[in-house]
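Trainee: Starting off with a structure, shown below.
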Amino acid sequence: MTNPNILFQGGIFRVEQAVQVAPDGTEHLRQVVRHPGAVVVLPILDDGRLCLLRNYRVAVDETLIELPAGTLEPGEEPARTAERELAEETGYRADRIEHLLTFYMSPGILDERMHLFLAEGLRPGPTALEAGEDIQTLHCSWEEAMELIRRGEIRDSKTLVGLLFYRTNRAV
């Protein structure tokens, strides 16, 4: 793509219109959301339970069941973002943070790279929710989480990727 034109600039992301030149030389206008990237954290308690969140999302006007997540700050390494977001949203601090996977959220329109981290050795502490956040923790077993997926109660893509990637690739 060439010659991006900024259509909108927000606090976290911007929307650009760019020209894509196809292999046959034809030009096509594309609108792309540019995002700094984010993390999603899979917190596993010492007893094997998961720490999920009930998080109200204004974009869909629903409370979703999610893994903790958040946007990278300028210059911040993804592992540091994972530690920060875990503490802010759940109160837990992790002795071990391990990068598992990096994936794109919706590459047809969005360049956001999501970094999945595993958090273990969790120690409780205070949360630090941002103004307006409506978040409650939900501890559940792997079997309960899989049942929430089967029933369609977990519909958040980063949470589905995180849970199913780990469940498929690691012994639980």
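Trainee: Would you confirm, using the coordinates I've provided, whether T159 is touching a helix residue (DSSP H, G or I) at 6+ places or on another chain (Cβ under 6 Å), modelled with pLDDT of 95 or more and hydroxyl-bearing (S, T, Y)? Working first, answer last.
Mentor: Details: touching a helix residue (DSSP H, G or I) at 6+ places or on another chain (Cβ under 6 Å): no; modelled with pLDDT of 95 or more: yes; hydroxyl-bearing (S, T, Y): yes.
It is false that T159 is touching a helix residue (DSSP H, G or I) at 6+ places or on another chain (Cβ under 6 Å), modelled with pLDDT of 95 or more and hydroxyl-bearing (S, T, Y).
Trainee: Among the residues of the stretch 33-70, count how many are buried (at least 16 other Cβ atoms within 10 Å of the Cβ) and either modelled with pLDDT under 95 or of a type in the set (S, T, N, Q) (or both).
Mentor: Residues in the stretch 33-70 being buried (at least 16 other Cβ atoms within 10 Å of the Cβ) and either modelled with pLDDT under 95 or of a type in the set (S, T, N, Q) (or both): 1 in total.
Trainee: Here are the criteria: (1) under 30 Å from Q20 (Cα atoms); (2) touching a helix residue (DSSP H, G or I) at 6+ places or on another chain (Cβ under 8 Å); (3) hydroxyl-bearing (S, T, Y). Tell me which single one T137 does not satisfy.
Mentor: Going through the list (1) under 30 Å from Q20 (Cα atoms); (2) touching a helix residue (DSSP H, G or I) at 6+ places or on another chain (Cβ under 8 Å); (3) hydroxyl-bearing (S, T, Y), T137 breaks only (1).
Trainee: Of the residues L148, L160, L138, which is surrounded by fewer than 15 Cβ atoms within 10 Å (Cβ to Cβ) and of a type in the set (A, V, I, L, M)? Even if it seems obvious, please write down each step before you answer.
Mentor: Numbers: L148 fails: surrounded by fewer than 15 Cβ atoms within 10 Å (Cβ to Cβ); L138 fails: surrounded by fewer than 15 Cβ atoms within 10 Å (Cβ to Cβ).
On inspection, the qualifying residue turns out to be L160.
Trainee: Give me a count of the residues in the stretch 1-32 that are in contact with an Asp or Glu (Cβ under 9 Å, 6 or more places away or on another chain), free of Cβ contacts under 8 Å to residues at least 12 places away in the same chain and open to solvent by less than 30 Å² (accessible area, probe 1.4 Å).
Mentor: Number satisfying all stated conditions: 0.
Trainee: Specify the residue that is surrounded by the fewest Cβ atoms within 10 Å (Cβ to Cβ); the eligible residues are those in the stretch 121-135 that are among the aliphatic types (A, V, I, L, M) and over 20 Å from E62 (Cα atoms). Quick ask: steps written out before the conclusion?
Mentor: Of all residues in the stretch 121-135, those among the aliphatic types (A, V, I, L, M) come to 122, 128-129, 131, 135.
Now restrict to residues that are over 20 Å from E62 (Cα atoms): 122, 128.
Values: L122: 19, A128: 11.
The extreme case among them is A128.
Trainee: For the stretch 55-70, which residues satisfy the criterion of being within 14 Å of the chain's Cα centre (by Cα) and in a strand (DSSP E or B)? Lay out the reasoning, then the answer.
Mentor: First, the residues of the stretch 55-70 that are within 14 Å of the chain's Cα centre (by Cα): 55, 57, 64-70.
Once the filter is applied, which keeps residues that are within 14 Å of the chain's Cα centre (by Cα) and in a strand (DSSP E or B), the stretch 55-70 yields N55, R57, L64, I65, E66, A69, G70.
Trainee: Next question. When you go through A87, A94, A79 one by one, which is the residue that is hydrophobic (A, V, I, L, M, F, W, C), within 23 Å of E133 (Cα to Cα), touching a residue at least 24 places away in the same chain (Cβ under 8 Å) and open to solvent by 30 Å² or more (accessible area, probe 1.4 Å)?
Mentor: Numbers: A87 fails: open to solvent by 30 Å² or more (accessible area, probe 1.4 Å); A94 fails: open to solvent by 30 Å² or more (accessible area, probe 1.4 Å).
Just a single option satisfies the conditions, and that option is A79.
Trainee: Follow-up question, since we're still on this one. With respect to V39, is the statement that it is part of a strand (DSSP E or B), within 20 Å of G11 (Cα to Cα) and more than 16 Å from the chain's Cα centre (by Cα) true? Break it down into steps so the answer makes sense when it comes.
Mentor: Working: part of a strand (DSSP E or B): yes; within 20 Å of G11 (Cα to Cα): yes; more than 16 Å from the chain's Cα centre (by Cα): no.
Considered against the rule, which asks whether it is part of a strand (DSSP E or B), within 20 Å of G11 (Cα to Cα) and more than 16 Å from the chain's Cα centre (by Cα), V39 comes out as no.
The values are calculated or read from the model by the stated rules, or taken from the named source; none is laboratory data. Source: prediction; values computed, not measured. Note that each Cβ is placed from the backbone with ideal geometry, even for glycine, and that neighbours are counted across all protein chains shown. Heads up: the accessible areas ignore ligands, DNA and RNA and are worked out on the full protein's heavy atoms, side chains in. Shrake-Rupley method; radii C 1.70, N 1.55, O 1.52, S 1.80 Å.
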